[in-house]
Amino acid sequence: MTVRIATWNINSVTARLPKLLEWLESAAPDVLCLQELKCSTDAFPYDAVAELGYRTEAHGTGRWNGVAILSKLGFEDVVRDLPDQPGFLADDAMLPVVEPRAIGATCGPVRVWSVYVPNGREVDHAHYAYKLQWLETLRDVIREDAAGARPFAVLGDFNVAPTDEDVFDVAAFEGLTHVTAPERAALTALQEAGLQDVLPRPLKYDRPYTYWDYRQLAFPKNRGMRIDLTYGNKAFADAVTDSYVDREARKGKGTSDHAPVVTDLEL
DNA sequence: ATGGCAACACTTTGTTGA
């Protein structure tokens, strides 16, 4: 069977609902992993996407973060949060909070995680240590599925550019998060656990960036980054027939600052 | 030069994002 799986940091599913529905109709993925819902689990627009044939498993608490999986292939074994997922201790908080950044499910023949990896903010910030710890936990959680025979992938906003080629100008990121050696080592650890970076093709230019800042005409100037990734195990990667970044969805007003990444499989 | 865009909620300004 042919299966189309996509990931998209939507930057508010309520603000982006018209764009989401339009994209679901045109791209018609079987499974879509969303990040940055910016709404609670209850506030997700379930009915609107159900009219297009999708069931949804969402995980959100409100203003920040939030992840979901939309599926035309049903759901089994839905898991909210990574087992032993680290929390983040905010400046004004007494206790660390486990944020809604991961949801896993089996959709037909494929098991997926939709993940929104912490940003890290600055290299000397507690959020950066949190990011590395979060990625380490992810590595531990995916180990069994990564080594298994069932097609499996982690898709989402990893907030790490895997190589220098994945940012428009490496000099512009000197000393910043997203390109540091420890962050990239965390991605390498996922690969050592059995996952492969499914490199999408760009629809324009030479590199498949997935994120462009809203400011200073970054998109028309193609000052982008590739941080939205599809990490599949061998069974998944071997089944890939095509993968691309749908930069068309980044065009115009009222879009997310991320583009969807689409992967087609023959299973 | 700390802006610039966008979203959101508790402050219609401050926080977050990358």
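Read-outs throughout are calculated quantities, based only on the coordinates presented, and are distinct from any laboratory measurement. The structure displayed is predicted, hence computed values, not measured ones. Neighbour counts run over all protein chains shown; Cβ positions are idealised from the backbone, glycine included.
Mind listing whichever residues of the stretch A:56-72 are surrounded by fewer than 18 Cβ atoms within 10 Å (Cβ to Cβ) and in a loop (DSSP other than H, G, I, E, B)?
A:Gly62, A:Arg63, A:Trp64
Against the conditions (1) in contact with a Lys or Arg (Cβ under 8 Å, 6 or more places away or on another chain); (2) part of a strand (DSSP E or B), where does A:Gly53 fall short? Just the number, please.
The single condition A:Gly53 does not satisfy is (2).
Based on what the data block shows, is A:Ala153 more than 14 Å from DNA strand B (Cβ to nearest atom), of a type outside the set (D, E, K, R) and free of Cβ contacts under 8 Å to residues at least 24 places away in the same chain?
On the way: more than 14 Å from DNA strand B (Cβ to nearest atom): yes; of a type outside the set (D, E, K, R): yes; free of Cβ contacts under 8 Å to residues at least 24 places away in the same chain: no.
No, not satisfied.
Kindly indicate whether A:Leu187 is in contact (Cβ under 8 Å) with a residue 40 or more places away in the chain, buried (at least 19 other Cβ atoms within 10 Å of the Cβ) and not basic (Lys, Arg).
When the stated conditions are applied, A:Leu187 passes them.
Within the stretch A:219-238, track down each residue that is more than 19 Å from A:Gly104 (Cβ to Cβ) and surrounded by 18 or more Cβ atoms within 10 Å (Cβ to Cβ).
A:Phe219, A:Gly224, A:Met225, A:Arg226, A:Ile227 - these are the residues of the stretch A:219-238 that are more than 19 Å from A:Gly104 (Cβ to Cβ) and surrounded by 18 or more Cβ atoms within 10 Å (Cβ to Cβ).
Evaluate the stretch A:12-35: report whether one residue or more is in a strand (DSSP E or B), surrounded by fewer than 16 Cβ atoms within 10 Å (Cβ to Cβ) and within 16 Å of DNA strand B (Cβ to nearest atom). Talk me through it step by step, then tell me what you get.
Start the filter on the stretch A:12-35 by keeping residues that are in a strand (DSSP E or B), which leaves A:31-35.
Checking the rest, the ones that are also surrounded by fewer than 16 Cβ atoms within 10 Å (Cβ to Cβ) come to none.
No: zero hits.
Which pairs turn up if I take residues in the stretch A:14-37 that are closer than 13 Å to A:Pro260 by Cβ and without any contact (Cβ under 8 Å) to a residue 60 or more places away in the chain and look for partners that are surrounded by fewer than 14 Cβ atoms within 10 Å (Cβ to Cβ) and of a type outside the set (Ser, Thr, Tyr) with beta carbon separation below 6 Å, at least 6 apart in sequence or on another chain?
Taking only residues 6 or more apart or on different chains, the pairs are A:Leu24/A:Leu52.
For the stretch A:70-89, indicate whether the set of residues that are within 14 Å of DNA strand B (Cβ to nearest atom) and among the acidic types (Asp, Glu) is non-empty.
The answer is no; no qualifying residue exists.
Only one residue in A:Val179, A:Val160 is among the β-branched types (Val, Ile, Thr), farther than 19 Å from A:Arg250 by Cα, assigned to a loop (DSSP other than H, G, I, E, B) and in contact (Cβ under 8 Å) with a residue 40 or more places away in the chain. Which one?
Result of the check over A:Val179, A:Val160: A:Val160.
Any idea which residue in the stretch A:238-265 is nearest to DNA strand B (Cβ to nearest atom), counting only those that are part of a helix (DSSP H, G or I) and either among the aromatic types (Phe, Trp, Tyr) or closer than 18 Å to A:Pro202 by Cα (or both)? First the steps, then the outcome.
Taking the stretch A:238-265 as the starting set, the residues that turn out to be part of a helix (DSSP H, G or I) are A:238-239, A:247-250.
Keeping just the survivors that are either among the aromatic types (Phe, Trp, Tyr) or closer than 18 Å to A:Pro202 by Cα (or both) gives A:247-250.
Numbers: A:Arg247: 16, A:Glu248: 17, A:Ala249: 14, A:Arg250: 11 Å.
For the stretch A:238-265, the residue satisfying everything is A:Arg250.
Suppose the filter is touching an Asp or Glu at 6+ places or on another chain (Cβ under 7 Å) and free of Cβ contacts under 8 Å to residues at least 40 places away in the same chain; does A:Val170 pass it?
Values: touching an Asp or Glu at 6+ places or on another chain (Cβ under 7 Å): yes; free of Cβ contacts under 8 Å to residues at least 40 places away in the same chain: yes.
When the stated conditions are applied, A:Val170 passes them.
Does A:Thr106 satisfy being in contact with an Asp or Glu (Cβ under 9 Å, 6 or more places away or on another chain) and either among the hydroxyl-bearing types (Ser, Thr, Tyr) or not in a loop (DSSP other than H, G, I, E, B) (or both)?
In short, yes.
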